[in-house]
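Taking it in order: structure first as structure tokens, then the write-up.
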Amino acid sequence: RRERQRFVDKNGRCNVQHGNLGGESSRYLSDLFTTLVDLKWRWNLLIFLLTYTVAWLVMASMWWGIAYMRGDLHQAHGDSYSPCVANVYNFPSAFLFFIETEATIGYGHRYITERCPEGIVLFLFQSLLGSVVDAFLIGCMFIKMSQPKKRAETLMFSRAAVISQRDDKLCLMFRVGNLRNSHMVSAQIRCKLIKSRQTPEGEFLPLDQCELDVGFGTGADQLFLVSPLTICHEINSESPFFCLSQRSLRSEQFEIVVILEGIVETTGMTCQARTSYTEDEVLWGHRFLPVMSLEDGFFRVDYSQFHATFEVPTPPYSVKE
């Protein structure tokens, strides 16, 4: 069977694009800071460079304009003339004066004189504007660099899910693991079954979402993720897979979305990792190979066997049957 369109990719990316927003697209500008943080890095860097470049050129032009209107560009060379800004003769020197002022370098060669009130006002405006631009753009870059999205790349999910018996009950299982030694605090896992269905009233729901119980009542959904864990969904009369058998699995079309959330121990920020399993990635009558072994004073995890499964005797019938 050819690979069909997924709602959520294996790497957790959601295949949903929003279109025909019309006038609603203005909502992105009302929250400009979040919009900039959500942009890709190449656009963030481009906006960062363009904003500073345009601000530098505009402000340097204003300093050059003051010097031009006062006639300082030609008379500033005289010893007896007191210019607005000392040693500003042309646009490059005005640009350098702006950079020295903005970056608080202060070489001492160019400076504002007390006989230039418009220059003092422009200096105050430049200081306020520069503080706002720095706080906005640098804050945006800092938030983007500190986002915990990369932490999700060290959280692993098994490539396939399995259905087999555990404690005399038919269960749907998959495996999760944490590659880092730092823990995920208050880690919790949830599962959603996405499947099209038709209501008794005749309404067709193309992407109906249904919750899969992975231990809400028993607390099994709260994970102590220091070693790979096998997450188990018991197939019973309340499960959406109550009528699922080995034969019907071949003709079914569904997607199981797995969401793992927790707090990154080192940063205290919330992290979310996602993956999904389609019906082709659910193996009937399989079980995961063990990955834990006891060595000299510690437990060792063999991640080369993380995705490996083996066949076990499993009835091909559904729980209902």
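The values are calculated or read from the model by the stated rules, or taken from the named source; none is laboratory data. In this text the structure is predicted, and so the values were computed from the model without any measurement. Using ideal geometry, Cβ is built from the backbone for each residue, glycine included, and neighbour counts are taken over all protein chains shown. For accessibility, only protein heavy atoms count, side chains too; no ligands or nucleic acids. Shrake-Rupley method; radii C 1.70, N 1.55, O 1.52, S 1.80 Å.
Before moving on, here are some points about what is shown:
- Here residue 102 passes the criteria (1) open to solvent by 60 Å² or more (accessible area, probe 1.4 Å); (2) within 37 Å of the chain's Cα centre (by Cα); (3) of a type in the set (D, E, K, R) except the one numbered (1).
- Residues (under 24 Å from residue 317 (Cα atoms) and in a strand (DSSP E or B)) located in region 276-304: 277, 278, 282, 283, 284, 286, 287, 288
- Matching entry among 285, 268 (being assigned by the TED database to the domain that holds residue 231 and touching a Ser or Thr at 6+ places or on another chain (Cβ under 9 Å)): 285
- Hey, residue 120 touching a strand residue (DSSP E or B) at 6+ places or on another chain (Cβ under 9 Å), assigned by the TED database to the domain that holds residue 69, open to solvent by 70 Å² or more (accessible area, probe 1.4 Å) and in a helix (DSSP H, G or I) or not: yes
- Of all residues in region 236-256 being open to solvent by 10 Å² or more (accessible area, probe 1.4 Å) and not in a loop (DSSP other than H, G, I, E, B), the one that is nearest to residue 188 (Cα to Cα): 249
- In summary, residue 92 fulfils each of the numbered conditions (1) within 46 Å of the chain's Cα centre (by Cα); (2) in a helix (DSSP H, G or I); (3) surrounded by 13 or more Cβ atoms within 10 Å (Cβ to Cβ) with the single exception of condition (3).
- Residues being at pLDDT below 85, in the same structural domain as residue 119 (by the TED database), out of contact with any helix residue (DSSP H, G or I) (no Cβ under 6 Å at 6 or more places or on another chain) and among the hydroxyl-bearing types (Ser, Thr, Tyr) are represented in region 55-75 by at least one member.
- Selection within region 263-321: residues that are among the small types (Gly, Ala, Ser) and on the phi < 0 side of the Ramachandran plot. The member of this set that is most open to solvent (accessible area, probe 1.4 Å) is 304.
- Residue list for region 106-156, restricted to those being modelled with pLDDT under 85 and of a type in the set (Ser, Thr, Tyr): 107, 111, 113, 146
- Criterion violated by residue 171 - all others in (1) of a type outside the set (Asp, Glu); (2) open to solvent by less than 20 Å² (accessible area, probe 1.4 Å); (3) at pLDDT 90 or above; (4) not in a strand (DSSP E or B) satisfied: (4)
- Residue match in region 100-109 (condition: touching a helix residue (DSSP H, G or I) at 6+ places or on another chain (Cβ under 9 Å) and touching a residue at least 40 places away in the same chain (Cβ under 8 Å)): yes
- Region 1-25, residues that are outside any loop (DSSP other than H, G, I, E, B) and open to solvent by 70 Å² or more (accessible area, probe 1.4 Å): 24
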